[in-house]
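Each reported figure results from applying straightforward, stated rules to the coordinates on display, with no laboratory input. Predicted, not measured: the structure shown is a model, and the values here were computed from it. FYI the Cβ positions are ideal-geometry reconstructions off the backbone, even for glycines, and counts take in every protein chain you see.
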Amino acid sequence: MENMDVNINFKNILVAVDDSDDAILAFKYAISRAKSENAKLTIVSVLEDEEINVFESLSGQFIHGKYEDLEEHLKEYKQTAQAAGLTDVDVIASTGEAGETIVEDVIPKVKPDLLIVGSESKKGLARHFGSQAAYMAKYSPVSVMVIR
């Protein structure tokens with residue numbers, strides 16, 4: 001086990017955001033990591049089904065509005081990352097269960113080599129984001145960094 005000078009560089013980083021304190025820390029860390037490794041950064045946020053009540057779900061207009069809000073908000077995240085000096089930044093808005101959606105839909109599409117998530121959330125990506133982070137850490141086909 002000599003010469004343990006292994007330098008792992010990530011070239012394509014995916015970060016999940018939802019406005020919780022942990023997610024914002026994860027986002028800031030992802031910017032710093034992407035900058036230092038000259039990596040592409042993709043920012044994802046998931047509009048969870050459980051945030052929408054049955055009456056709201058009957059109104060396609062409501063869901064469409066919520067989704068548009070999410071897309072607008074992701075533009076702000078993208079601008080923040082670009083203002084920090086990143087040039088290769090993408091955003092993805094999706095719907096569903098955060099952990100499953102990110103692992104099953106987003107990762108195969110984005111093909112990141114690192115997923116960065118916050119460990120807790122009170123809203124947004126899920127009220128139970130701790131379990132979402134655990135789900136992603138367990139089932140993600142790529143390395144996962146959980147920020148506390």
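A compact table of results
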| read-out | value |
| --- | --- |
| Contour excess over end-to-end distance, with Cα ends at ALA84 and ARG148 and 0.36 nm allotted per residue | 20.8 nm |
| Residue exposure sequence - ILE8, ILE13 - by fewest surrounding Cβ within 10 Å | ILE8, ILE13 |
| Under 5 Å, built H, 5+ apart or other chain: amide partners of SER119 | ILE147 |
| Nearest-0.05 FRET efficiency for SER131 and SER32, computed from C-beta distance (R0 30 Å) | 0.65 |
| Computed FRET value (nearest 0.05) for GLU100 with ASN9, which takes r as the C-beta separation and R₀ as 41 Å | 0.90 |
